[in-house]
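Here is the structure we will look at.
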Amino acid sequence: GFIAPVILAVILGLILWPDSLQEKIKKRCETYLEKHGLPSQNDCEKIWDSFRQAFVEKDPCEVPPDAYDSLIHTVSQVSQEPTCNRMMFWSKTKEKVHEFAKKCSYVTLEDFLLGFLLDNLTWCGKSGSQETFTTGCPSWSDCVNNPVRSFWIQASAAFAASACGDAFVMLDGAIDMPYNPDSTFASVEVKHFNSSIMKSLTVLLVTKEGDTKTCESDESLKHLQTDLGSNLKYQCKVVPQSQLQTCIVD
Ligand code: C8R
């Protein structure tokens, strides 16, 4: 009476088990290339292989950002060029920014193959094993050199380095430090902006209805201006949350 249902549940669980990490990433890769009219052939296989070698057989706390250089190189050979004047960065505004970017034709890292492949995924390996894991992996702050964190650092650095023309960043005006030195935006992306191809950065400071916060009243934004240096023009606009429904911030 007890064993049979348990066995049944286990079998059912195995059947309904979500696709493996490899299947998921290859499916995303093929979907992306198809949607963008890019010829694929073995590209997704190649991409999976260079992704894999970044962390498989390694201790999940010993995967440095540069482990992803080969993946980033492989993806850049397959994928499309940066879109000048429409690139959008963000910090602590993930939900809002993607909706807004889609509606108003801005492009975030997740709109490029590299970010699209790994958005919302967790992965790691284990030393002495060929396996890939999606559970039991170190989280963002468990250790510095974990596979997920190192990936976003290196991908963000490459994305920022490619920013050209007028770029944008959506920051959360409802928190204490919209420009937080610990964020990937501040600690990685701003440092990789290239003033020989990028002209300006415009902050879209998203505020709650009725909030009287201004760009000038925010202390953290002064640090952003300093960090940008004198070769990049800084602009800032307060955008009440309801205004994100329109594209009039242009
Ligand atoms: N960027 C960083 N992290 C990203 C990301 C991305 O594009 N996409 C995802 N899914 N993540 P935050 P931040 C995940 O603290 O640190 C780029 C990572 O797992 O709100 O300033 C992007 O270009 C990570 O844990 O923002 C953007 O401009 C959180 O989301 C900044 O870096 C990071 O969320 C955002 O990084």
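Report, in cubic angstrom per residue, the convex hull volume of the C-alpha atoms of the chain.
Per-residue hull volume (Cα only) is 172 Å³.
Where is the GNM fluctuation largest for the chain (alpha-carbon springs, 10 angstrom cutoff): 121, 113, 21?
Judging by the Gaussian network model, the answer is 121.
Restricting things to Cα coordinates, could you compute the convex hull volume per residue of segment 41-158 in Å³?
Normalising the Cα hull of segment 41-158 by residue number yields 112 Å³.
Using a Cα-Cα cut-off of under 22 Å, which lysines could be cross-linked to residue 46, ignoring same-chain neighbours fewer than 8 residues away?
Candidates past the 8-residue exclusion: 24, 26, 27, 35, 58, 126.
Ratio of Rg to Rh for segment 136-250, alpha carbon only, Kirkwood? Walk me through the intermediate numbers first.
On the way: Rg = 15.4 Å, Rh = 15.4 Å.
Ratio of gyration radius to Kirkwood radius: 1.00.
Please flag any cysteine in the chain that has no other cysteine's Cβ under 4.7 angstrom from its own Cβ.
none
At a probe size of 1.4 Å, how large is the accessible area of residue 81, to the nearest 10 Å²?
Residue 81 has an accessible surface of roughly 140 Å² with all protein chains in place.
Please work out how much length the chain gains when fully extended from residue 30 to residue 143, using 0.36 nm per residue of separation minus the C-alpha to C-alpha distance, in nm with one decimal. Don't skip to the end; give the middle numbers.
Details: separation 113, 0.36 × 113 = 40.68 nm, distance 3.23 nm.
Between residue 30 and residue 143, full extension yields an extra 37.4 nm.
Please report the carbon-and-sulfur percent of the accessible area for segment 1-106; probe 1.4 Å, protein heavy atoms only, DNA, RNA and ligands left out.
Carbon and sulfur atoms account for 58 percent of the accessible area of segment 1-106.
Excluding residues fewer than 8 places away in the same chain, name every one of the aspartates and glutamates whose C-alpha is closer than 20 Å to that of residue 102.
34, 81, 110, 111, 119, 166, 172, 250
Which translational diffusion coefficient, to the nearest whole µm²/s, is obtained for segment 1-91 from the Stokes-Einstein equation, given a Kirkwood hydrodynamic radius over C-alpha pairs, 37 °C and 0.692 mPa s?
D = 199 µm²/s.
Before rounding to the nearest 500, sum -39500 (n - 2.57) across all DSSP H runs of length at least 4 in the chain and divide by the residue total; then give [θ] at 222 nm in deg cm²/dmol. All intermediate terms of the calculation are to be shown ahead of the outcome.
Details: 8 runs with 90 residues, N = 250.
Theoretical 222 nm ellipticity from helices: -11000 deg cm²/dmol.
What number comes out for accessible area per residue over segment 134-221 if the probe is 1.4 Å? Units Å², please.
Heavy-atom SASA per residue in segment 134-221 reads 43 Å².
Can you give me the relative contact order of segment 92-250 as a percent, contacts being Cα pairs under 8 Å and 6 or more apart?
Working: 200 pairs, mean separation 31.9, N = 159.
Once normalised by length, the contact order is 20 percent.
Got a sec? Charge dipole of the chain, +1 on Cβ for Lys and Arg, -1 for Asp and Glu; which of 236, 120, 78 is way out at the positive end?
Checking the options against the dipole of the chain, the answer is 236.
Whole Å is fine, so just give me how far the alpha carbon centre of segment 128-207 lies from that of segment 26-93.
Centre-to-centre distance over Cα atoms comes out at 15 Å.
What base-10 log of the normalised intensity I(q)/I(0) is obtained for segment 98-184 from the Debye formula, alpha carbons as equal point scatterers, at q = 0.13, 0.17, 0.18, 0.23 Å⁻¹?
-0.57, -0.92, -1.00, -1.32
Given a 10 angstrom Cα cut-off, can you work out which residue in 41, 22, 80 is the most mobile in a GNM of the chain?
Sorting by GNM fluctuation, first place goes to 41.
Could you order 123, 140, 152 by accessible surface area, starting with the largest, using a probe radius of 1.4 Å?
Result of the area sort, largest leading: 140, 152, 123.
The values are calculated or read from the model by the stated rules, or taken from the named source; none is laboratory data. None of these values were measured; they are calculated from a predicted model. Ideal geometry is used to build each Cβ from the backbone, glycine not excepted, and the neighbour counts take in all protein chains shown. Just the protein is used for accessible areas: all its heavy atoms, side chains included, with ligands, DNA and RNA removed. Shrake-Rupley method; radii C 1.70, N 1.55, O 1.52, S 1.80 Å.
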